[in-house]
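To start, the structure under review is shown below, and the notes come after it.
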Amino acid sequence: MPRNLVCALASLIAIGAEAAHAGPYTPDSDTVILAELPAGAHYADLAARRLARDRLDVALPLAQFYIRQSRLSGDLRFLGYADAVLAPWLDHRPAAVDALVLHATVQQSRHAFEPALATLELALAARPDDPQASLTKATILRVLGRYPEAMLACDRFARSVDASLAALCSQSVRGLDGHLEAAYAALQQVSPQGWLNTEKSWLYSELGEMAVRLGRDEDARRWFQRDLDLVPADVYVRTAFADLLLRQGHDAAALGLLRGMESFEPLLLRIAIAQQRLDDPALAQSSARLQAAFSAELQRGEAVHRREQARFLLELEHQPLLALEAARENWKVQREPEDILILVAAARAAGNPDAAAPALEFVRRTGLTDARLKAAAAASVVMR
């Protein structure tokens, strides 16, 4: 996402303002739930926070806790808590390398990708073979669609980790740059014996995503289920699994998969889509919560869920022109297969298929293979 965040945000604020009826969302009654505070969502003990100012061995695990809570709850406020804990250590000269890497993780979670890359460069200059810094860099570059650079980051990652983990990093990139079939076959040969659950989850999620892009939906379901059996709280995989079920028309199954996870905006969006298809009366409340969430993000100067906003406008609000504008702004920020899909779909629905040309040119140039993209492009713009 090589992006001018200020310009992109300014445009998206205009879109969001119109979509949110030119002002903050006001619920119809006091019974409408706008957000849920997850269990355990409280600030750390004051003594611990004070201790973290002077002791790095307290600050780092506390920041990691907040980052983990953000991922588990979908509450971005925890990222602010993490940054507050890290701030004193970022001001040190030289800055603590581990603090820099965690700060880059916070920036990545906020979709401030270019600042995150700059922070990682500082960390890698001080500690060239830091595996977490290299892996985070590779992950961000993948999201930006900068695959050759991502592969270089994986090569750097390989210097400090087991060969199987190194292969997982490199094959995940090869699966996006024109070598999907070979990368999928290679990862199926990787043995996760002795790996941590988080590492196994990474493998299964990559295999599931590759299977989706290959059009092997049953394989994808198997990999996603294996991941969720291991790590039930994996929101990323639950989102991908829900998309697969919705695409196959298994709306009730998707709703069941996501039940009780309304605090995560990406999951709430899928819940609302399933509710719409099933004529579920709970749709009104889900749509209101999404509208309030997008409005609040824009008012805070954030736009983490641009892709979700575009899909919300397209599939739930039935406003293709606004959806297209949101999808275009999103494309300036990130370039994953799902970002191409929403841009192509919005462009077609808006009667302006040429608006998706930059994304389809990216597909052609990088060699990206995706059965979903081929089907979508065939309905709007002929892929060359």
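Summary of values
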{"quantity": "Among (1) surrounded by fewer than 17 Cβ atoms within 10 Å (Cβ to Cβ); (2) more than 24 Å from His111 (Cα to Cα), the one test that Pro148 misses", "calculated": "(2)"}
{"quantity": "Scope region 154-174; condition under 20 Å from the mean Cα position of the chain (by Cα) and not in a helix (DSSP H, G or I); matching residues", "calculated": "none"}
{"quantity": "Filtered residues of region 226-236 (kept if open to solvent by less than 50 Å² (accessible area, probe 1.4 Å), in a helix (DSSP H, G or I) and either in contact with a helix residue (DSSP H, G or I) (Cβ under 6 Å, 6 or more places away or on another chain) or modelled with pLDDT of 95 or more (or both))", "calculated": "Asp227, Leu228"}
{"quantity": "Single condition His111 does not satisfy, out of (1) in a loop (DSSP other than H, G, I, E, B); (2) without any contact (Cβ under 8 Å) to a residue 40 or more places away in the chain; (3) open to solvent by 30 Å² or more (accessible area, probe 1.4 Å)", "calculated": "(2)"}
{"quantity": "Which listed residue, of Ala150, Ala125, Ala158, is out of contact with any Leu (no Cβ under 9 Å at 6 or more places or on another chain) and of a type in the set (A, V, I, L, M, F, W, C)", "calculated": "Ala125"}
{"quantity": "Matching residues in region 240-252 - criterion: being touching a helix residue (DSSP H, G or I) at 6+ places or on another chain (Cβ under 6 Å), farther than 16 Å from Val212 by Cβ and not charged (D, E, K, R)", "calculated": "none"}
{"quantity": "Qualifying residues in region 179-191 (those that are open to solvent by 30 Å² or more (accessible area, probe 1.4 Å) and assigned to a loop (DSSP other than H, G, I, E, B)) - the one nearest to Ala376 (Cα to Cα)", "calculated": "His179"}
{"quantity": "Of all residues making up region 339-369, the number that are in contact (Cβ under 8 Å) with a residue 40 or more places away in the chain and either touching a Leu at 6+ places or on another chain (Cβ under 8 Å) or within 18 Å of Ala303 (Cα to Cα) (or both)", "calculated": "4"}
{"quantity": "Matching residues in region 299-324 - criterion: being open to solvent by 20 Å² or more (accessible area, probe 1.4 Å) and farther than 25 Å from Arg348 by Cβ", "calculated": "Gln299, Arg300, Gly301, Glu302"}
{"quantity": "Counted residues, region 346-378 - those being open to solvent by less than 30 Å² (accessible area, probe 1.4 Å) and closer than 16 Å to Leu322 by Cα", "calculated": "5"}
{"quantity": "Total residues in region 361-384, condition at pLDDT 60 or above, among the small types (Gly, Ala, Ser) and over 21 Å from the mean Cα position of the chain (by Cα)", "calculated": "5"}
{"quantity": "Answer residue from region 192-201, given it is open to solvent by 30 Å² or more (accessible area, probe 1.4 Å) and more than 12 Å from Ser164 (Cα to Cα) and is nearest to the chain's Cα centre (by Cα) among those", "calculated": "Thr198"}
{"quantity": "Among (1) over 17 Å from Glu121 (Cα atoms); (2) assigned to a helix (DSSP H, G or I); (3) open to solvent by 10 Å² or more (accessible area, probe 1.4 Å); (4) in contact (Cβ under 8 Å) with a residue 24 or more places away in the chain, the one test that Leu102 misses", "calculated": "(1)"}
{"quantity": "Test for Ala138: is it of a type outside the set (S, T, N, Q) and either more than 18 Å from Asp98 (Cβ to Cβ) or modelled with pLDDT under 95 (or both)", "calculated": "yes"}
{"quantity": "Which numbered condition Ala95 misses (of (1) among the small types (Gly, Ala, Ser); (2) assigned to a helix (DSSP H, G or I); (3) open to solvent by 20 Å² or more (accessible area, probe 1.4 Å))", "calculated": "(2)"}
{"quantity": "Residues of region 264-289 that turn out to be modelled with pLDDT of 95 or more, open to solvent by less than 20 Å² (accessible area, probe 1.4 Å) and within 21 Å of Leu244 (Cα to Cα), as a count", "calculated": "10"}
{"quantity": "Among (1) at pLDDT 85 or above; (2) more than 20 Å from Thr119 (Cβ to Cβ); (3) assigned to a loop (DSSP other than H, G, I, E, B); (4) not hydroxyl-bearing (Ser, Thr, Tyr), the one test that Asp57 misses", "calculated": "(3)"}
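Yes/no matrix, rows are residues, columns are (1) open to solvent by 30 Å² or more (accessible area, probe 1.4 Å); (2) closer than 30 Å to Glu262 by Cβ; (3) touching a strand residue (DSSP E or B) at 6+ places or on another chain (Cβ under 9 Å); (4) part of a helix (DSSP H, G or I):
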{"site": "Phe65", "(1), (2), (3), (4)": "yes, yes, no, yes"}
{"site": "Arg68", "(1), (2), (3), (4)": "yes, yes, no, yes"}
{"site": "Leu72", "(1), (2), (3), (4)": "yes, yes, no, yes"}
{"site": "Leu79", "(1), (2), (3), (4)": "no, yes, no, yes"}
{"site": "Pro88", "(1), (2), (3), (4)": "yes, no, no, yes"}
{"site": "Val106", "(1), (2), (3), (4)": "no, yes, no, yes"}
{"site": "Pro115", "(1), (2), (3), (4)": "yes, no, no, yes"}
{"site": "Leu135", "(1), (2), (3), (4)": "yes, no, no, yes"}
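To keep it simple, each residue is scored yes or no on (1) over 19 Å from Ser73 (Cα atoms); (2) of a type in the set (Asp, Glu); (3) under 19 Å from the mean Cα position of the chain (by Cα); (4) surrounded by fewer than 21 Cβ atoms within 10 Å (Cβ to Cβ).
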{"residue": "Glu209", "(1), (2), (3), (4)": "yes, yes, yes, no"}
{"residue": "Gly215", "(1), (2), (3), (4)": "yes, no, no, yes"}
{"residue": "Phe224", "(1), (2), (3), (4)": "yes, no, yes, no"}
{"residue": "Arg238", "(1), (2), (3), (4)": "no, no, yes, no"}
{"residue": "Ala252", "(1), (2), (3), (4)": "yes, no, no, yes"}
{"residue": "Leu258", "(1), (2), (3), (4)": "no, no, yes, no"}
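The values are calculated or read from the model by the stated rules, or taken from the named source; none is laboratory data. Predicted model only: the values in this text are computed from it and were never measured. Heads up, the Cβs are rebuilt from the backbone with ideal geometry, glycines too, and the neighbour counts pull from every protein chain shown. Surface accessibility is based on the protein's heavy atoms, side chains included, excluding ligands, DNA and RNA. Shrake-Rupley method; radii C 1.70, N 1.55, O 1.52, S 1.80 Å.
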